[in-house]
Each structure stands twice: as structure tokens, then as C-alpha cells.
Amino acid sequence: MEAGDCFGEFAAIDGLPRSASVETITQAILVRLPRERFLGLMRSEPDFAMAMAQMITKRARAMSAQLYEMATLKLGDRLRLELRRLALLQGFVSGEALIHPAPTHQALAARLATTRESVSRELSRLAHAGVIVCGRQRIIIKDLARLTAG
């Protein structure tokens, strides 16, 4: 998630328990909006309601793409795509990218529906090939084109 994103909107809309939990990896300021207030904003502020609809649609499309990737791609390919997504979020210069703070191996495993050990093994392969350099809370992608090409 990025600055300004929200979570818990599904539960606020349908009243069911939250379907996810969130853990920050950097300092964050969080604002809690009770369900009644959220629904009131949805009813009274068309711009807010449209922004929420667009955000939910964007997430649904991303989940659909992720499901497709999990069903059709091997772990190494899924990991490279995830690293590329993270790199593009943070920007890159001259074909290199810095992912900082990098998600833990466990967090990547959860995103990719695999084990921490499998993620560690794949990251080691990429590092051995000179495509990435892993450090404390950071991953440097040495060549985004090579990462994407596999």
C-alpha cells in the first residue's frame, strides 16, 4: 500500500469481518473511520463514493491479475513480476531500481502464495546471477530489463 491508501472498506460496506490484516514496515499515521461515518460519506459525497468505487475496481483488477499469475506462472516468474511492480512504484534510474524498505521474505511469500524458504531460494538465484543485490531492508535491482526477461 502507498501513502493515502485505505483498507477495511469491504467490511465497512458489507458489515462482515475484515478479510485482511495490515502491518506497517515504516512509520505510518492511521485514521480510523467508523462504519456509520464511512457509509454516511458514501451517501452524501459523490466524489468520495466515486473514488472508493475506482479504488475497489483497481484492487479487483489487481487481484484478478494476481490470481491469473498464480495459476499460470512458476514461482520465479511471479517473484520477478512482484519485484518489478515494487521497483516501478519507487522509480528507477538507468535501469537500476532500489526497493527500500523491501518486504521481508515472509511478506513476499504471503503475496506469492508460497513459502519463505522458496522465496529465499529464488532471491538467492537472482542475486547469484547478478540481477539483484539484497541487503538490510533493501533490494537493488541491477538490471530491470534482465529481471523482466527472466
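The values are calculated or read from the model by the stated rules, or taken from the named source; none is laboratory data. Computed from a prediction, not measured in an experiment: that's the story for all the values here. Heads up, the Cβs are rebuilt from the backbone with ideal geometry, glycines too, and the neighbour counts pull from every protein chain shown. Surface accessibility is based on the protein's heavy atoms, side chains included, excluding ligands, DNA and RNA. Shrake-Rupley method; radii C 1.70, N 1.55, O 1.52, S 1.80 Å.
Please enumerate the residues belonging to the range 12-33 that are open to solvent by less than 80 Å² (accessible area, probe 1.4 Å) and among the polar types (S, T, N, Q).
Pass one, the range 12-33, residues open to solvent by less than 80 Å² (accessible area, probe 1.4 Å): 12-13, 15, 20, 22, 24, 26, 28, 33.
Once the filter is applied, which keeps residues that are open to solvent by less than 80 Å² (accessible area, probe 1.4 Å) and among the polar types (S, T, N, Q), the range 12-33 yields T24, T26.
Pairs please, first residue from the range 76-90 and closer than 12 Å to I141 by Cα and of a type outside the set (V, I, T), second anywhere and open to solvent by 60 Å² or more (accessible area, probe 1.4 Å) and not in a helix (DSSP H, G or I), Cβ atoms under 7 Å, 6+ apart in sequence or on different chains.
R80/G150; Q90/L98
Restricting to the range 52-84, what's the tally of residues that are in a helix (DSSP H, G or I) and open to solvent by 80 Å² or more (accessible area, probe 1.4 Å)?
Pass one, the range 52-84, residues in a helix (DSSP H, G or I): 52-72, 75-84.
Retained after the next criterion (residues that are open to solvent by 80 Å² or more (accessible area, probe 1.4 Å)): 54, 58, 61, 63, 67-68, 71, 84.
Summing the residues that are in a helix (DSSP H, G or I) and open to solvent by 80 Å² or more (accessible area, probe 1.4 Å) in the range 52-84 gives 8.
Quick one: which residue in E45, E36, E9 is farther than 30 Å from I132 by Cβ, modelled with pLDDT of 95 or more and open to solvent by less than 100 Å² (accessible area, probe 1.4 Å)? If you could, list the steps in order and put the result at the bottom.
Numbers: E36 fails: open to solvent by less than 100 Å² (accessible area, probe 1.4 Å); E9 fails: modelled with pLDDT of 95 or more.
After applying the criteria, what remains is E45.
Look through the range 1-50, keep the residues that are basic (K, R) and over 30 Å from A102 (Cβ atoms), and return whichever of them is farthest from the chain's Cα centre (by Cα).
My answer is R43.
Do you know which of the residues in the range 92-102 that are outside any strand (DSSP E or B) and either at positive phi or among the β-branched types (V, I, T) (or both) is least open to solvent (accessible area, probe 1.4 Å)? First the steps, then the outcome.
Pass one, the range 92-102, residues outside any strand (DSSP E or B): 94-95, 100-102.
Subsequent filtering for residues that are either at positive phi or among the β-branched types (V, I, T) (or both) retains 94-95.
Working: S94: 116, G95: 26 Å².
Only one residue fits best here, namely G95.
Within the range 72-94, track down each residue that is under 21 Å from A113 (Cβ atoms) and of a type in the set (S, T, Y).
T72
Please go through the range 103-116 and give me each residue that is part of a helix (DSSP H, G or I), out of contact with any Leu (no Cβ under 9 Å at 6 or more places or on another chain) and open to solvent by 20 Å² or more (accessible area, probe 1.4 Å), ordered by number.
Quick first cut of the range 103-116, residues part of a helix (DSSP H, G or I) only: 105-112, 116.
This time we only want the ones that are out of contact with any Leu (no Cβ under 9 Å at 6 or more places or on another chain), so: 106-107, 109-111.
Of everything in the range 103-116, those that are part of a helix (DSSP H, G or I), out of contact with any Leu (no Cβ under 9 Å at 6 or more places or on another chain) and open to solvent by 20 Å² or more (accessible area, probe 1.4 Å) turn out to be Q106, A107, A110, R111.
Can you name the residue in the range 117-150 that is open to solvent by 80 Å² or more (accessible area, probe 1.4 Å) and farther than 23 Å from T72 by Cβ and is also modelled with the highest pLDDT among such residues? Can you show your working first?
Going residue by residue through the range 117-150, those that are open to solvent by 80 Å² or more (accessible area, probe 1.4 Å) are 117, 121, 125, 128, 136-138, 142, 146, 149.
Checking which are farther than 23 Å from T72 by Cβ leaves us with 128, 136-138, 142.
Details: H128: 96, R136: 89, Q137: 90, R138: 93, K142: 91.
For the range 117-150, the residue satisfying everything is H128.
Give me the pairs, please: first residue somewhere in the range 53-71 and closer than 13 Å to L112 by Cβ, second residue anywhere and outside any helix (DSSP H, G or I), beta-carbon distance under 6 Å, and either six or more positions apart or on two chains.
If the second residue must be outside any helix (DSSP H, G or I), the pairs left are M70/A113.
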